[in-house]
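Some notes on the structure that comes next.
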Amino acid sequence: MTSVADIVARARERPRNLSVDDLARLVALEDPDEQRVARAAAYALKCRVAGKLVSVRGLVELGNICSKDCLYCGIRRSNANLARYRLSVDDVLRMAEIDAAAGYASIVLQGGEVESEANTAFIEECLRGMAHLDLGVTLSLGEQTEAVYRRWKAAGASRYLLRIETSSPGLYARLHPADHSWTRRADCLAALRRCGYQVGTGVMSALPGQTPEDLARDIVFFGDRDVDMIGMGPYIPHPDTPLASVPNPWTDADRLRIGLNMIAATRLYLHDVNIASTTALQALAPDGREQGILAGANVMMPNVTDVAYRRQYQLYAGKPCLDENADQCRTALERSLAAIGERINYGARGDSAHFHARIAAGGLAGSGRM
């Protein structure tokens, strides 16, 4: 069997220099010494690309009304045990002001998937209303038409995160009702690239029936799609979902281990993309997000949504920071990052280095292999 040290040495030479078998080995690592070797190498690459800095995007959870019925998601349309809400434009702009005052310089507008003219216009109004704040704006609002993506880009959005959830159409079909389409989701990623966004995607790990090879192919998918940002995390069951009743061999310790291994393997394979250390890691360990940074991630998304709404926006069980306001979240984040020798990249948008590199190399923002 190829040693982890040999895999890491090849990974350092250049991006995309590992095979599916290499990546599957990294994702499945259980030996603590081998994990340390892989994560230390990934962290060194992260520091080379981004320094000992963490780019931060304040997260605004716009609402939990969703047209999708994904079998794993707490805000799925069939969940009757959920009080639905939607922020007003004034609410969103007030939270954007909080984000700007915190010095984050970037914001994420996330919400359930809704396709309607009213929703499209609502997002446009929010984007135009916050234009004076000069924030880097990421949208995470699911599948839309290309025309809608173009409208939001024209209104001021610069990044879009659309998680594919798994690169396997077969596994995707087992996680979603029959009216959900993996092909449409992949086509939306192509449309976002044509529209000139910094394009992000991601997957869940430690799903029932998922293998290390599945996750390795997910990482190759990121490279084949030439994406700029990765947002991924371990699957954590939500009690009000059908998937929660499906037997799953993974313990919380397994989920954390695999989630961290995925960050390290993705950094070693792709080098210069933005990788988020997600709150799902923190749900599995108090220092889970910091462990994610030390495994190669370089982005965090502290919540700036009013505390009153956070319990209604739980995609999985055990979501952290439900009762901490934006100032408390920032103070805690500063302290926890300082403990690992990192600091917040205040005042900087933290755009994807990969995005800028491919534009400089002649890969126009609206073109590419999608």
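The values are calculated or read from the model by the stated rules, or taken from the named source; none is laboratory data. Keep in mind the model is a prediction, meaning the values are calculated, not measured. Quick reminder, even Gly has a Cβ in these numbers, built from the backbone with ideal geometry, and neighbours come from all protein chains shown. Ligands, DNA and RNA are excluded from the accessible area calculation, which covers all protein heavy atoms including side chains. Shrake-Rupley method; radii C 1.70, N 1.55, O 1.52, S 1.80 Å.
Observations on the model:
- Of all residues in the stretch 207-240 being farther than 30 Å from Ala80 by Cβ and among the aliphatic types (A, V, I, L, M), the one that is surrounded by the fewest Cβ atoms within 10 Å (Cβ to Cβ): Val220
- Residue in the stretch 191-200 that is open to solvent by 10 Å² or more (accessible area, probe 1.4 Å), over 26 Å from Leu59 (Cβ atoms) and modelled with pLDDT under 95 present: no
- Lone qualifier among Arg163, Arg150, Arg94 - being in a loop (DSSP other than H, G, I, E, B) and not polar (S, T, N, Q): Arg163
- Restricting the first member to the stretch 20-37 and to residues that are within 11 Å of Ala264 (Cβ to Cβ), and the second to residues that are surrounded by 13 or more Cβ atoms within 10 Å (Cβ to Cβ) and of a type in the set (D, E, K, R), no beta-carbon pair is closer than 6 Å while six or more apart or on different chains.
- Among the residues making up the stretch 315-344, those that are part of a loop (DSSP other than H, G, I, E, B) and either aromatic (Phe, Trp, Tyr) or open to solvent by 40 Å² or more (accessible area, probe 1.4 Å) (or both) are Leu315, Tyr316, Gly318, Asp323, Glu324, Asn325, Ala339, Ile340, Gly341.
- Being under 24 Å from Leu333 (Cβ atoms), touching a Gly at 6+ places or on another chain (Cβ under 7 Å) and at pLDDT 95 or above is true of Ala105.
- Conditions (1) over 30 Å from Ser336 (Cα atoms); (2) open to solvent by less than 10 Å² (accessible area, probe 1.4 Å): number failed by Val54: (1)
- Residue within the stretch 103-126 that is in contact (Cβ under 8 Å) with a residue 60 or more places away in the chain, small (Gly, Ala, Ser), surrounded by fewer than 19 Cβ atoms within 10 Å (Cβ to Cβ) and under 25 Å from Met229 (Cβ atoms) present: yes
- Check on Arg86, touching a strand residue (DSSP E or B) at 6+ places or on another chain (Cβ under 8 Å) and either in contact (Cβ under 8 Å) with a residue 40 or more places away in the chain or charged (D, E, K, R) (or both): yes
- Screening Asp21 with (1) surrounded by fewer than 23 Cβ atoms within 10 Å (Cβ to Cβ); (2) outside any helix (DSSP H, G or I) gives one miss only, at (2).
- Filter pass, Val54 being closer than 26 Å to Val273 by Cα, at pLDDT 95 or above and not in a helix (DSSP H, G or I): yes
Each row is one residue, and each column tells you yes or no for (1) under 30 Å from Thr251 (Cβ atoms); (2) buried (at least 17 other Cβ atoms within 10 Å of the Cβ); (3) of a type outside the set (Asp, Glu).
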{"residue": "Ala155", "(1), (2), (3)": "no, yes, yes"}
{"residue": "Arg163", "(1), (2), (3)": "yes, yes, yes"}
{"residue": "Arg174", "(1), (2), (3)": "yes, no, yes"}
{"residue": "Ser205", "(1), (2), (3)": "yes, yes, yes"}
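Quick grid of which residues meet (1) free of Cβ contacts under 8 Å to residues at least 60 places away in the same chain; (2) over 15 Å from the mean Cα position of the chain (by Cα):
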| position | (1), (2) |
| --- | --- |
| Pro249 | yes, yes |
| Leu256 | yes, yes |
| Gly292 | yes, no |
| Met300 | no, no |
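- Residue among Thr266, Thr305 that is open to solvent by less than 40 Å² (accessible area, probe 1.4 Å) and within 20 Å of His354 (Cα to Cα): Thr266
- Candidates Ala147, Ala131, filtered to the one that is without any contact (Cβ under 8 Å) to a residue 12 or more places away in the chain, hydrophobic (A, V, I, L, M, F, W, C) and open to solvent by 30 Å² or more (accessible area, probe 1.4 Å): Ala147
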